[in-house]
Amino acid sequence: MHSSVSIEKLADYVGKDVVLRGWLYNRRDSKGLSFLVVRDGSGIVQCVAAEDSLDAESWQAVSSVTQESSLEVRGTVRLDDRQVGGVELTVTGLRMISAASEYPISPKAHGVEFLMNQRHLWLRSRRQWAIMRIRNRIIMSIHQLFQEQGFLQMDAPILTGNAVEGTSTLFELDYFDEKAYLTQSGQLYGEAMAMAFGKIYTFGPTFRAEKSKTRRHLTEFWMIEPEMAFYDLDMNMQLAEDLIVRIARDVVRDCATELQVLDRDMEQLRKITGPFPRLSYDDAVALLRSDETRAKFDKREAEAVAERESLELEREQNRARYGQAKKGEKRRIDAREIEINARLDEIEEELRNLPAWRESALNFEWGGDFGGSDETVLTWHFDQPIIVHRFPASIKAFYMKRDPEDDRLALGMDVLAPEGYGEIVGGGERATDLEFLERQVAAHGLPEEVFQWYFDLRRYGSVPHSGFGLGLERTITWICKLPHLREAIPFPRLMGRLNP
Ligand code: 4AD
Ligand code: MG
(Lines give C-alpha, C1' and ligand atoms only; values in the text may rest on other atoms or scores of the structure.)
(Ligands and ions follow the chains in the order given, each with its own letter.)
Protein backbone atom coordinates (compact mmCIF):
# COMPACT_ATOMS: atom_id res chain seq x y z
CA MET A 1 0.00 0.00 0.00
CA HIS A 2 1.22 3.51 -0.85
CA SER A 3 0.27 6.42 1.40
CA SER A 4 0.18 9.91 -0.06
CA VAL A 5 2.54 12.15 1.96
CA SER A 6 4.06 15.60 1.77
CA ILE A 7 7.80 15.90 1.26
CA GLU A 8 8.33 17.62 4.59
CA LYS A 9 6.99 14.50 6.36
CA LEU A 10 9.05 11.96 4.37
CA ALA A 11 11.55 11.37 7.17
CA ASP A 12 8.75 9.65 9.12
CA TYR A 13 8.35 7.09 6.32
CA VAL A 14 11.85 5.63 5.94
CA GLY A 15 11.63 2.14 4.40
CA LYS A 16 7.99 2.67 3.45
CA ASP A 17 6.31 3.05 0.08
CA VAL A 18 4.73 6.43 -0.56
CA VAL A 19 3.10 8.54 -3.26
CA LEU A 20 4.17 12.15 -3.83
CA ARG A 21 2.40 14.73 -5.95
CA GLY A 22 4.27 17.77 -7.12
CA TRP A 23 6.37 19.33 -9.85
CA LEU A 24 9.73 18.57 -11.39
CA TYR A 25 12.21 21.14 -10.10
CA ASN A 26 15.34 19.92 -11.80
CA ARG A 27 16.82 16.80 -13.34
CA ARG A 28 20.12 15.12 -14.03
CA ASP A 29 20.50 12.02 -16.21
CA SER A 30 23.04 9.35 -16.91
CA LYS A 31 22.65 6.13 -18.86
CA GLY A 32 19.66 4.19 -17.54
CA LEU A 33 19.42 6.40 -14.45
CA SER A 34 17.60 9.68 -13.76
CA PHE A 35 17.81 11.91 -10.72
CA LEU A 36 14.60 13.88 -10.50
CA VAL A 37 14.40 16.69 -7.99
CA VAL A 38 10.73 17.02 -7.08
CA ARG A 39 9.03 19.77 -5.08
CA ASP A 40 5.53 19.79 -3.64
CA GLY A 41 5.44 23.11 -1.79
CA SER A 42 6.31 21.60 1.57
CA GLY A 43 9.84 20.68 0.52
CA ILE A 44 12.09 19.23 -2.10
CA VAL A 45 13.40 15.68 -2.53
CA GLN A 46 15.62 13.79 -4.93
CA CYS A 47 13.93 10.83 -6.61
CA VAL A 48 16.19 8.22 -8.20
CA ALA A 49 14.70 6.33 -11.16
CA ALA A 50 16.46 3.34 -12.75
CA GLU A 51 15.35 2.06 -16.15
CA ASP A 52 15.83 -1.60 -15.26
CA SER A 53 13.57 -1.47 -12.22
CA LEU A 54 10.65 0.39 -13.83
CA ASP A 55 7.85 -0.65 -16.15
CA ALA A 56 8.16 0.73 -19.68
CA GLU A 57 5.39 3.26 -19.21
CA SER A 58 6.94 4.75 -16.06
CA TRP A 59 10.39 4.91 -17.63
CA GLN A 60 8.88 6.64 -20.66
CA ALA A 61 7.30 9.21 -18.28
CA VAL A 62 10.58 9.63 -16.37
CA SER A 63 12.43 10.26 -19.63
CA SER A 64 9.99 12.83 -20.95
CA VAL A 65 9.09 14.83 -17.84
CA THR A 66 10.29 18.45 -18.23
CA GLN A 67 11.07 21.17 -15.69
CA GLU A 68 7.88 22.22 -13.83
CA SER A 69 5.73 19.45 -15.29
CA SER A 70 3.32 18.20 -12.65
CA LEU A 71 3.64 14.56 -11.71
CA GLU A 72 2.85 11.76 -9.33
CA VAL A 73 5.73 9.58 -8.12
CA ARG A 74 5.58 6.33 -6.24
CA GLY A 75 8.61 5.04 -4.44
CA THR A 76 10.40 3.85 -1.34
CA VAL A 77 11.85 6.33 1.14
CA ARG A 78 15.57 5.84 1.89
CA LEU A 79 17.81 7.55 4.42
CA ASP A 80 20.53 9.65 2.82
CA ASP A 81 22.19 12.26 4.98
CA ARG A 82 23.81 13.96 1.96
CA GLN A 83 20.35 15.22 0.98
CA VAL A 84 18.56 18.22 2.47
CA GLY A 85 15.90 16.68 4.69
CA GLY A 86 18.02 13.54 5.06
CA VAL A 87 16.04 11.29 2.67
CA GLU A 88 15.63 10.37 -0.97
CA LEU A 89 13.11 8.33 -2.90
CA THR A 90 13.76 5.20 -4.97
CA VAL A 91 11.19 5.47 -7.72
CA THR A 92 8.91 2.49 -8.39
CA GLY A 93 6.47 4.28 -10.68
CA LEU A 94 5.85 7.70 -12.21
CA ARG A 95 2.95 9.36 -13.95
CA MET A 96 2.95 12.78 -15.57
CA ILE A 97 -0.10 14.89 -14.69
CA SER A 98 0.55 17.81 -17.03
CA ALA A 99 3.61 18.40 -19.20
CA ALA A 100 5.15 21.87 -18.92
CA SER A 101 6.27 23.61 -22.08
CA GLU A 102 9.73 25.14 -22.02
CA TYR A 103 9.97 26.85 -18.64
CA PRO A 104 11.16 30.47 -18.82
CA ILE A 105 13.24 30.32 -15.63
CA SER A 106 16.19 28.02 -16.07
CA PRO A 107 18.62 27.09 -13.31
CA LYS A 108 21.19 29.55 -14.73
CA ALA A 109 21.37 33.04 -13.25
CA HIS A 110 18.76 35.57 -14.39
CA GLY A 111 18.57 39.35 -13.92
CA VAL A 112 16.24 40.67 -11.25
CA GLU A 113 13.96 42.59 -13.64
CA PHE A 114 13.39 39.43 -15.65
CA LEU A 115 12.61 37.48 -12.50
CA MET A 116 10.26 40.20 -11.25
CA ASN A 117 8.31 39.98 -14.52
CA GLN A 118 8.09 36.23 -13.90
CA ARG A 119 7.19 36.65 -10.24
CA HIS A 120 4.19 34.30 -10.53
CA LEU A 121 6.62 31.53 -11.56
CA TRP A 122 9.67 32.72 -9.63
CA LEU A 123 7.73 31.95 -6.43
CA ARG A 124 8.29 28.25 -7.20
CA SER A 125 12.03 28.53 -6.70
CA ARG A 126 13.72 27.11 -3.67
CA ARG A 127 14.91 30.49 -2.48
CA GLN A 128 11.42 31.99 -2.64
CA TRP A 129 10.11 28.89 -0.92
CA ALA A 130 12.44 29.55 1.98
CA ILE A 131 11.50 33.23 2.22
CA MET A 132 7.73 32.66 2.09
CA ARG A 133 7.95 29.90 4.70
CA ILE A 134 9.85 32.23 7.01
CA ARG A 135 7.29 34.96 6.32
CA ASN A 136 4.60 32.52 7.38
CA ARG A 137 6.48 31.61 10.56
CA ILE A 138 6.94 35.26 11.47
CA ILE A 139 3.24 36.02 10.94
CA MET A 140 2.37 33.12 13.23
CA SER A 141 4.80 34.27 15.93
CA ILE A 142 3.27 37.74 15.90
CA HIS A 143 -0.26 36.42 16.36
CA GLN A 144 0.91 33.95 19.01
CA LEU A 145 2.67 36.56 21.12
CA PHE A 146 -0.22 39.02 21.07
CA GLN A 147 -2.90 36.40 21.58
CA GLU A 148 -1.00 34.88 24.50
CA GLN A 149 -0.75 38.32 26.07
CA GLY A 150 -4.45 39.11 25.81
CA PHE A 151 -4.42 41.53 22.87
CA LEU A 152 -7.51 41.79 20.66
CA GLN A 153 -6.83 41.58 16.92
CA MET A 154 -8.71 44.25 14.98
CA ASP A 155 -8.90 45.32 11.35
CA ALA A 156 -8.59 49.01 10.58
CA PRO A 157 -10.24 50.46 7.47
CA ILE A 158 -8.16 50.64 4.30
CA LEU A 159 -10.22 53.46 2.79
CA THR A 160 -9.81 56.52 4.96
CA GLY A 161 -10.63 60.21 4.94
CA ASN A 162 -7.44 61.45 6.56
CA ALA A 163 -3.66 61.26 6.61
CA VAL A 164 -1.77 59.76 9.56
CA GLU A 165 1.89 59.88 8.58
CA GLY A 166 2.13 63.20 6.73
CA THR A 167 0.41 64.23 3.52
CA SER A 168 3.26 63.66 1.06
CA THR A 169 2.85 59.88 0.69
CA LEU A 170 -0.91 59.54 0.27
CA PHE A 171 -2.53 57.51 -2.48
CA GLU A 172 -5.62 59.53 -3.29
CA LEU A 173 -8.77 58.19 -4.84
CA ASP A 174 -12.25 59.30 -5.71
CA TYR A 175 -14.84 58.06 -3.23
CA PHE A 176 -18.23 58.99 -4.72
CA ASP A 177 -17.02 62.53 -5.42
CA GLU A 178 -15.29 62.78 -2.08
CA LYS A 179 -11.53 62.57 -1.59
CA ALA A 180 -10.37 59.37 0.06
CA TYR A 181 -6.98 57.83 0.72
CA LEU A 182 -5.53 54.38 1.06
CA THR A 183 -4.50 54.04 4.67
CA GLN A 184 -0.90 54.79 5.66
CA SER A 185 -1.38 53.27 9.11
CA GLY A 186 -4.25 51.90 11.19
CA GLN A 187 -2.99 53.66 14.28
CA LEU A 188 -5.72 56.24 14.86
CA TYR A 189 -8.39 53.54 14.65
CA GLY A 190 -6.19 51.37 16.86
CA GLU A 191 -6.26 54.11 19.48
CA ALA A 192 -10.06 54.13 19.42
CA MET A 193 -10.13 50.36 19.82
CA ALA A 194 -7.54 50.48 22.64
CA MET A 195 -9.89 52.79 24.56
CA ALA A 196 -12.61 50.16 24.03
CA PHE A 197 -10.60 46.95 24.54
CA GLY A 198 -7.41 47.87 26.40
CA LYS A 199 -4.80 46.16 24.24
CA ILE A 200 -5.30 45.62 20.52
CA TYR A 201 -3.25 45.00 17.39
CA THR A 202 -3.90 45.50 13.72
CA PHE A 203 -2.38 43.30 11.05
CA GLY A 204 -3.09 44.70 7.66
CA PRO A 205 -1.93 46.27 4.42
CA THR A 206 -0.79 49.88 4.46
CA PHE A 207 0.12 52.16 1.58
CA ARG A 208 2.70 54.85 0.96
CA ALA A 209 3.08 56.69 -2.32
CA GLU A 210 6.82 56.95 -1.71
CA LYS A 211 8.59 58.31 -4.74
CA SER A 212 11.71 56.46 -3.70
CA LYS A 213 13.18 53.43 -5.35
CA THR A 214 15.23 52.12 -2.47
CA ARG A 215 15.70 48.59 -1.21
CA ARG A 216 13.70 49.56 1.90
CA HIS A 217 10.49 50.90 0.34
CA LEU A 218 7.36 49.24 -0.93
CA THR A 219 4.23 51.20 -1.86
CA GLU A 220 2.06 48.47 -0.31
CA PHE A 221 3.34 46.72 2.79
CA TRP A 222 1.97 44.90 5.80
CA MET A 223 2.15 46.51 9.17
CA ILE A 224 1.45 45.16 12.64
CA GLU A 225 0.30 47.91 14.99
CA PRO A 226 -0.27 47.19 18.67
CA GLU A 227 -1.87 49.95 20.71
CA MET A 228 -2.12 49.76 24.49
CA ALA A 229 -4.03 51.81 27.05
CA PHE A 230 -1.97 52.69 30.15
CA TYR A 231 1.40 51.94 28.47
CA ASP A 232 4.16 54.52 28.68
CA LEU A 233 7.15 54.80 26.35
CA ASP A 234 9.29 52.32 28.33
CA MET A 235 6.59 49.65 28.35
CA ASN A 236 6.12 50.23 24.64
CA MET A 237 9.83 49.73 23.92
CA GLN A 238 9.83 46.56 25.99
CA LEU A 239 6.91 45.13 24.02
CA ALA A 240 8.66 45.87 20.71
CA GLU A 241 11.79 44.14 22.01
CA ASP A 242 9.82 41.09 23.23
CA LEU A 243 8.13 40.78 19.85
CA ILE A 244 11.37 40.88 17.88
CA VAL A 245 13.15 38.47 20.25
CA ARG A 246 10.22 36.09 19.90
CA ILE A 247 10.29 36.27 16.09
CA ALA A 248 14.04 35.59 15.91
CA ARG A 249 13.81 32.71 18.40
CA ASP A 250 10.93 30.99 16.58
CA VAL A 251 12.55 31.32 13.16
CA VAL A 252 15.86 29.92 14.39
CA ARG A 253 14.08 27.02 16.09
CA ASP A 254 11.60 26.13 13.34
CA CYS A 255 13.14 27.25 10.05
CA ALA A 256 16.62 25.74 10.03
CA THR A 257 16.22 24.28 6.52
CA GLU A 258 14.88 27.56 5.15
CA LEU A 259 17.75 29.54 6.67
CA GLN A 260 20.20 27.03 5.22
CA VAL A 261 18.69 27.41 1.73
CA LEU A 262 19.19 31.18 2.09
CA ASP A 263 22.71 30.69 3.40
CA ARG A 264 21.71 32.80 6.39
CA ASP A 265 24.16 32.85 9.28
CA MET A 266 22.10 31.54 12.21
CA GLU A 267 24.64 32.75 14.76
CA GLN A 268 23.68 36.36 13.97
CA LEU A 269 20.05 35.54 14.72
CA ARG A 270 20.88 33.62 17.90
CA LYS A 271 22.32 36.84 19.31
CA ILE A 272 18.88 38.46 19.22
CA THR A 273 18.02 37.77 22.84
CA GLY A 274 17.56 41.27 24.29
CA PRO A 275 17.95 43.50 26.09
CA PHE A 276 18.29 45.85 23.11
CA PRO A 277 20.49 48.88 23.74
CA ARG A 278 18.36 52.02 24.13
CA LEU A 279 19.84 55.30 22.94
CA SER A 280 18.25 58.70 23.12
CA TYR A 281 18.34 60.66 19.87
CA ASP A 282 20.97 62.87 21.52
CA ASP A 283 23.14 59.80 22.26
CA ALA A 284 22.66 58.53 18.73
CA VAL A 285 23.74 61.85 17.21
CA ALA A 286 26.82 61.89 19.44
CA LEU A 287 27.65 58.33 18.42
CA LEU A 288 27.30 59.15 14.72
CA ARG A 289 29.74 62.04 15.06
CA SER A 290 32.21 60.14 17.26
CA ASP A 291 35.75 58.89 16.74
CA GLU A 292 34.41 55.35 17.18
CA THR A 293 32.32 55.88 14.06
CA ARG A 294 35.32 57.28 12.21
CA ALA A 295 37.29 54.15 13.21
CA LYS A 296 34.48 51.88 11.96
CA PHE A 297 34.62 53.57 8.56
CA ASP A 298 38.40 53.15 8.37
CA LYS A 299 38.09 49.49 9.28
CA ARG A 300 35.29 48.78 6.80
CA GLU A 301 37.13 50.47 3.98
CA ALA A 302 40.33 48.56 4.72
CA GLU A 303 38.42 45.27 4.93
CA ALA A 304 36.57 45.88 1.68
CA VAL A 305 39.81 46.65 -0.16
CA ALA A 306 41.51 43.56 1.29
CA GLU A 307 38.58 41.30 0.40
CA ARG A 308 38.51 42.69 -3.13
CA GLU A 309 42.19 41.91 -3.56
CA SER A 310 41.88 38.37 -2.29
CA LEU A 311 38.83 37.64 -4.47
CA GLU A 312 40.54 39.02 -7.56
CA LEU A 313 43.55 36.83 -6.82
CA GLU A 314 41.38 33.75 -6.40
CA ARG A 315 39.64 34.50 -9.70
CA GLU A 316 43.00 34.78 -11.50
CA GLN A 317 44.22 31.51 -10.03
CA ASN A 318 41.00 29.71 -10.98
CA ARG A 319 41.24 30.99 -14.53
CA ALA A 320 44.85 29.86 -14.77
CA ARG A 321 43.98 26.24 -13.98
CA TYR A 322 40.77 26.20 -16.02
CA GLY A 323 42.47 24.88 -19.16
CA GLN A 324 43.69 21.65 -17.51
CA ALA A 325 40.61 21.15 -15.32
CA LYS A 326 38.21 18.21 -15.74
CA LYS A 327 34.54 18.82 -16.62
CA GLY A 328 33.19 18.73 -13.03
CA GLU A 329 35.99 20.98 -11.84
CA LYS A 330 35.27 23.45 -14.68
CA ARG A 331 31.67 23.64 -13.54
CA ARG A 332 32.76 24.42 -9.99
CA ILE A 333 35.17 27.11 -11.22
CA ASP A 334 32.40 28.71 -13.30
CA ALA A 335 29.98 28.65 -10.37
CA ARG A 336 32.60 30.15 -8.08
CA GLU A 337 33.37 32.89 -10.60
CA ILE A 338 29.72 33.92 -10.62
CA GLU A 339 29.83 34.09 -6.81
CA ILE A 340 33.06 36.06 -6.80
CA ASN A 341 31.73 38.55 -9.35
CA ALA A 342 28.53 39.07 -7.39
CA ARG A 343 30.50 39.72 -4.21
CA LEU A 344 32.90 42.05 -6.03
CA ASP A 345 29.91 44.07 -7.24
CA GLU A 346 28.73 44.42 -3.65
CA ILE A 347 32.17 45.50 -2.52
CA GLU A 348 32.42 48.06 -5.33
CA GLU A 349 29.05 49.45 -4.34
CA GLU A 350 30.09 49.65 -0.71
CA LEU A 351 33.34 51.41 -1.58
CA ARG A 352 31.40 53.87 -3.74
CA ASN A 353 28.94 54.55 -0.91
CA LEU A 354 31.24 54.79 2.07
CA PRO A 355 32.63 58.30 1.46
CA ALA A 356 29.14 59.86 1.31
CA TRP A 357 27.99 57.82 4.30
CA ARG A 358 31.02 58.95 6.27
CA GLU A 359 30.36 62.56 5.37
CA SER A 360 26.71 62.28 6.42
CA ALA A 361 27.42 60.52 9.73
CA LEU A 362 30.37 62.54 10.97
CA ASN A 363 28.72 65.88 10.11
CA PHE A 364 25.23 64.97 11.26
CA GLU A 365 23.41 68.03 12.63
CA TRP A 366 21.11 67.80 15.66
CA GLY A 367 17.49 68.17 14.55
CA GLY A 368 17.64 66.21 11.31
CA ASP A 369 16.07 62.84 10.57
CA PHE A 370 18.44 59.90 10.18
CA GLY A 371 18.88 58.81 6.60
CA GLY A 372 19.10 55.14 5.67
CA SER A 373 22.90 55.27 5.77
CA ASP A 374 22.96 56.95 9.20
CA GLU A 375 20.74 54.17 10.56
CA THR A 376 23.08 51.60 9.09
CA VAL A 377 26.13 53.28 10.59
CA LEU A 378 24.50 53.44 14.04
CA THR A 379 23.83 49.71 14.02
CA TRP A 380 27.46 48.90 13.14
CA HIS A 381 28.21 49.47 16.80
CA PHE A 382 25.90 46.69 18.04
CA ASP A 383 25.02 43.01 17.40
CA GLN A 384 21.42 43.37 18.47
CA PRO A 385 18.72 45.71 17.27
CA ILE A 386 18.86 49.10 18.97
CA ILE A 387 16.07 51.39 20.10
CA VAL A 388 16.44 55.13 19.50
CA HIS A 389 13.99 57.30 21.45
CA ARG A 390 13.08 60.93 22.15
CA PHE A 391 13.43 62.51 18.71
CA PRO A 392 13.09 66.19 17.87
CA ALA A 393 9.35 66.80 17.71
CA SER A 394 9.71 68.65 14.41
CA ILE A 395 10.57 65.44 12.52
CA LYS A 396 7.79 63.34 14.05
CA ALA A 397 4.05 62.94 13.47
CA PHE A 398 1.40 65.23 14.97
CA TYR A 399 0.09 62.69 17.50
CA MET A 400 3.32 62.23 19.51
CA LYS A 401 3.42 63.20 23.17
CA ARG A 402 6.11 65.72 24.12
CA ASP A 403 8.84 64.82 26.56
CA PRO A 404 7.83 66.49 29.87
CA GLU A 405 11.53 67.12 30.57
CA ASP A 406 12.30 68.79 27.23
CA ASP A 407 9.56 70.27 25.07
CA ARG A 408 11.70 70.11 21.92
CA LEU A 409 11.48 66.32 22.04
CA ALA A 410 8.73 63.85 21.17
CA LEU A 411 8.33 60.53 22.99
CA GLY A 412 8.83 58.53 19.81
CA MET A 413 10.96 55.43 19.35
CA ASP A 414 12.39 53.53 16.39
CA VAL A 415 13.87 50.06 16.43
CA LEU A 416 16.82 49.71 14.06
CA ALA A 417 17.80 46.22 12.93
CA PRO A 418 21.46 45.17 12.80
CA GLU A 419 23.50 44.28 9.69
CA GLY A 420 22.48 47.46 7.88
CA TYR A 421 18.71 46.88 7.75
CA GLY A 422 17.67 50.09 9.48
CA GLU A 423 14.24 50.96 10.88
CA ILE A 424 11.84 48.05 11.32
CA VAL A 425 9.64 49.61 14.02
CA GLY A 426 8.35 53.14 14.53
CA GLY A 427 6.10 54.19 17.39
CA GLY A 428 5.79 56.08 20.64
CA GLU A 429 3.65 57.44 23.39
CA ARG A 430 0.59 59.39 22.23
CA ALA A 431 -0.40 62.91 23.15
CA THR A 432 -3.42 62.94 25.46
CA ASP A 433 -4.06 66.65 25.81
CA LEU A 434 -6.94 67.84 23.62
CA GLU A 435 -5.79 71.43 23.11
CA PHE A 436 -2.26 70.35 22.30
CA LEU A 437 -3.57 67.92 19.67
CA GLU A 438 -5.85 70.54 18.12
CA ARG A 439 -2.86 72.84 17.75
CA GLN A 440 -0.76 70.01 16.28
CA VAL A 441 -3.37 69.10 13.67
CA ALA A 442 -3.49 72.74 12.59
CA ALA A 443 0.31 73.07 12.58
CA HIS A 444 0.62 70.00 10.34
CA GLY A 445 -1.90 71.47 7.90
CA LEU A 446 -4.43 68.69 8.51
CA PRO A 447 -8.20 69.28 8.24
CA GLU A 448 -9.66 69.67 11.72
CA GLU A 449 -13.15 68.35 10.77
CA VAL A 450 -12.06 64.80 9.97
CA PHE A 451 -10.16 64.54 13.26
CA GLN A 452 -13.15 65.29 15.47
CA TRP A 453 -13.77 61.61 16.18
CA TYR A 454 -10.08 61.26 17.12
CA PHE A 455 -10.35 64.24 19.48
CA ASP A 456 -13.33 62.50 21.13
CA LEU A 457 -10.88 59.88 22.44
CA ARG A 458 -9.36 62.73 24.50
CA ARG A 459 -12.76 64.15 25.47
CA TYR A 460 -14.12 60.95 26.97
CA GLY A 461 -11.82 59.27 29.45
CA SER A 462 -8.41 59.98 27.96
CA VAL A 463 -5.57 57.82 29.37
CA PRO A 464 -1.83 57.55 28.75
CA HIS A 465 -1.31 55.13 25.88
CA SER A 466 1.33 53.98 23.43
CA GLY A 467 1.84 51.81 20.41
CA PHE A 468 4.05 51.08 17.45
CA GLY A 469 4.11 49.74 13.92
CA LEU A 470 6.31 46.82 12.87
CA GLY A 471 6.95 46.62 9.13
CA LEU A 472 6.49 42.98 8.17
CA GLU A 473 8.56 43.03 4.99
CA ARG A 474 11.37 45.01 6.60
CA THR A 475 11.49 42.39 9.35
CA ILE A 476 11.51 39.48 6.90
CA THR A 477 14.20 41.13 4.78
CA TRP A 478 16.44 41.44 7.81
CA ILE A 479 15.74 37.97 9.25
CA CYS A 480 16.44 36.40 5.83
CA LYS A 481 19.26 38.86 5.09
CA LEU A 482 17.85 39.73 1.66
CA PRO A 483 19.37 42.45 -0.49
CA HIS A 484 15.96 44.07 -1.21
CA LEU A 485 12.42 44.19 0.20
CA ARG A 486 10.87 43.02 -3.07
CA GLU A 487 11.48 39.34 -2.30
CA ALA A 488 9.81 39.52 1.12
CA ILE A 489 6.23 39.70 -0.22
CA PRO A 490 4.61 37.43 -2.82
CA PHE A 491 3.66 40.18 -5.28
CA PRO A 492 5.56 43.36 -4.45
CA ARG A 493 4.20 46.79 -5.30
CA LEU A 494 6.94 49.28 -5.96
CA MET A 495 7.18 52.55 -7.79
CA GLY A 496 7.17 51.39 -11.41
CA ARG A 497 5.90 47.89 -10.63
CA LEU A 498 2.22 46.96 -10.56
CA ASN A 499 2.39 43.62 -12.40
CA PRO A 500 2.19 40.68 -12.06
O1 4AD B 1 7.42 54.67 11.17
P2 4AD B 1 6.09 54.53 10.50
O3 4AD B 1 5.74 55.46 9.42
O4 4AD B 1 5.04 54.58 11.69
C5 4AD B 1 3.68 54.58 11.60
O6 4AD B 1 3.06 54.42 10.58
C7 4AD B 1 3.00 54.65 12.93
N8 4AD B 1 1.64 55.16 12.72
C9 4AD B 1 2.99 53.28 13.55
C10 4AD B 1 2.37 53.26 14.92
O11 4AD B 1 2.89 53.86 15.83
N12 4AD B 1 1.27 52.57 15.08
O13 4AD B 1 5.97 53.06 9.94
C14 4AD B 1 6.11 51.94 10.80
C15 4AD B 1 6.97 50.88 10.14
C16 4AD B 1 8.39 51.32 9.82
O17 4AD B 1 9.22 51.22 10.94
C18 4AD B 1 8.76 50.33 8.74
O19 4AD B 1 9.15 49.10 9.30
C20 4AD B 1 7.46 50.13 8.00
O21 4AD B 1 6.42 50.51 8.88
N22 4AD B 1 7.41 50.97 6.79
C23 4AD B 1 7.61 50.50 5.54
N24 4AD B 1 7.87 49.27 5.08
C25 4AD B 1 8.00 49.11 3.75
N26 4AD B 1 7.88 50.11 2.85
C27 4AD B 1 7.61 51.37 3.27
N28 4AD B 1 7.46 52.33 2.36
C29 4AD B 1 7.46 51.60 4.67
N30 4AD B 1 7.19 52.70 5.42
C31 4AD B 1 7.16 52.29 6.70
MG1 MG C 1 9.18 55.74 10.99
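The values are calculated or read from the model by the stated rules, or taken from the named source; none is laboratory data. What you see is a predicted model; the values in this text were computed from it and never measured. Backbone-built Cβ (ideal geometry, glycine too); neighbour counts: all protein chains shown. All accessible areas refer to the heavy atoms of the entire protein, side chains included, with ligands and DNA or RNA removed. Shrake-Rupley method; radii C 1.70, N 1.55, O 1.52, S 1.80 Å.
At a glance:
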quantity: Gain on full stretching of the segment that runs from VAL450 to GLN153 - 0.36 nm per residue minus C-alpha separation; calculated: 104.4 nm
quantity: Computed lengthening from LYS330 to ARG308, 0.36 nm per intervening residue step minus Cα-Cα distance; calculated: 5.7 nm
quantity: For region 7-98: rounded, prolate or oblate by the Cα gyration tensor [a/c cutoff 1.5]; calculated: prolate
quantity: Net charge, ARG39 excluded, C-beta distance under 13 Å - Lys, Arg +1, Asp, Glu -1; calculated: +3
quantity: Share of carbon and sulfur in the accessible heavy-atom surface of region 7-98 [1.4 Å probe, %]; calculated: 48 percent
quantity: Rough spin-label spacing in nm, given labels placed 7 Å along Cα→Cβ, for SER63 and GLU365; calculated: 7.6 nm
quantity: P(r) histogram, all alpha-carbon pairs of the chain included - 10 Å bins from 0, percent; calculated: 4, 16, 24, 23, 17, 11, 5, 1, 0
quantity: Most to least packed among 107-119, 206-218 [average Cβ atoms within 10 Å]; calculated: 206-218, 107-119
quantity: Per residue accessible area in Å² of the chain, where ligands, DNA and RNA are left out and the probe is 1.4 Å; calculated: 49 Å²
quantity: Gyration tensor verdict on region 276-396 (Cα atoms; rounded if a/c is under 1.5, prolate if a/b is larger than b/c, oblate otherwise); calculated: prolate
quantity: Rough spin-label spacing in nm, given labels placed 7 Å along Cα→Cβ, for ARG439 and ASN341; calculated: 6.2 nm
quantity: Over region 270-336, equivalent-ellipsoid semi-axes from the Cα gyration tensor in Å; calculated: 44, 18, 6
quantity: Modelled FRET efficiency - R0 30 Å, THR90 with ASP263, Cβ distances, 0.05 increments; calculated: 0.50
quantity: Sequence ranges 400-412, 183-195, ranked by mean other-Cβ count within 10 angstrom, highest first; calculated: 183-195, 400-412
quantity: Relative contact order (%) - criterion: Cα under 8 Å, at least six apart; region: the chain; calculated: 14 percent
quantity: Additional length obtainable on full extension of the chain from GLU178 to ARG321, 0.36 nm per residue less Cα span; calculated: 44.4 nm
quantity: Separation of the LYS31 and ALA109 label points, Cα + 7 Å toward Cβ, nm; calculated: 3.5 nm
quantity: Protection proxy ranking, peptides 465-474, 309-318, 69-78, 382-391, average beta carbon neighbours within 10 Å, highest first; calculated: 465-474, 382-391, 69-78, 309-318
quantity: Cα-based convex hull, region 184-242, per residue volume (Å³, whole number); calculated: 101 Å³
quantity: Reachable lysines, given that their alpha-carbon falls under 26 Å from the alpha-carbon of LYS299 and they are not under 8 places away in the same chain; calculated: LYS271, LYS481
quantity: Cα gyration tensor shape for region 404-500, rounded if a/c is under 1.5, else prolate or oblate; calculated: prolate
quantity: Under the span-like rule (Cα at least 15 Å along the axis, Kyte-Doolittle mean at least -1.0), DSSP H helices of the chain; calculated: 126-148, 233-254
quantity: Apportionment of accessible area to carbon and sulfur, region 294-354, percent (1.4 Å); calculated: 48 percent
quantity: Pairwise FRET efficiency - ALA100 versus SER53, Cβ, R0 = 30 Å, nearest 0.05; calculated: 0.70
